[in-house]
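Participant: Below are the structure tokens for one structure; questions will follow.
The values are calculated or read from the model by the stated rules, or taken from the named source; none is laboratory data. Since this is a predicted model, take the numbers as computed values, not measurements. Note that each Cβ is placed from the backbone with ideal geometry, even for glycine, and that neighbours are counted across all protein chains shown.
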Amino acid sequence: MVELEILKERRDIAYSYLESCRLCPRECGVNRLRGEKGVCGVDARLWVSSYGPHY
């Protein structure tokens, strides 16, 4: 099952972003998987409030 392997690979990549957070311009580097909270006050349970193209 190639699709399952691709999903697992993408999951691993997503989790690696949470180990040293660089998701926002502040790049605080906290390990959200260990329960650390960033400057934003959010742990590993992130949410997307909006999205759209950036021109």
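Participant: Assuming G41 fulfils every condition listed in (1) surrounded by 10 or more Cβ atoms within 10 Å (Cβ to Cβ); (2) at pLDDT 85 or above apart from one, which condition is it?
Facilitator: Only one criterion in (1) surrounded by 10 or more Cβ atoms within 10 Å (Cβ to Cβ); (2) at pLDDT 85 or above is unmet by G41, namely (1).
Participant: Pick from V39, V48, V30: which is in a loop (DSSP other than H, G, I, E, B) and out of contact with any Cys (no Cβ under 7 Å at 6 or more places or on another chain)?
Facilitator: Sole residue among the options that is in a loop (DSSP other than H, G, I, E, B) and out of contact with any Cys (no Cβ under 7 Å at 6 or more places or on another chain): V48.
Participant: Ok, one more. Looking at the range 1-27, which of its residues are among the aliphatic types (A, V, I, L, M) and assigned to a loop (DSSP other than H, G, I, E, B)?
Facilitator: Passing the criteria: M1, L23.
Participant: Within the range 17-26, can one find any residue that is surrounded by 10 or more Cβ atoms within 10 Å (Cβ to Cβ), over 10 Å from the mean Cα position of the chain (by Cα) and free of Cβ contacts under 8 Å to residues at least 60 places away in the same chain?
Facilitator: Yes: one or more hits.
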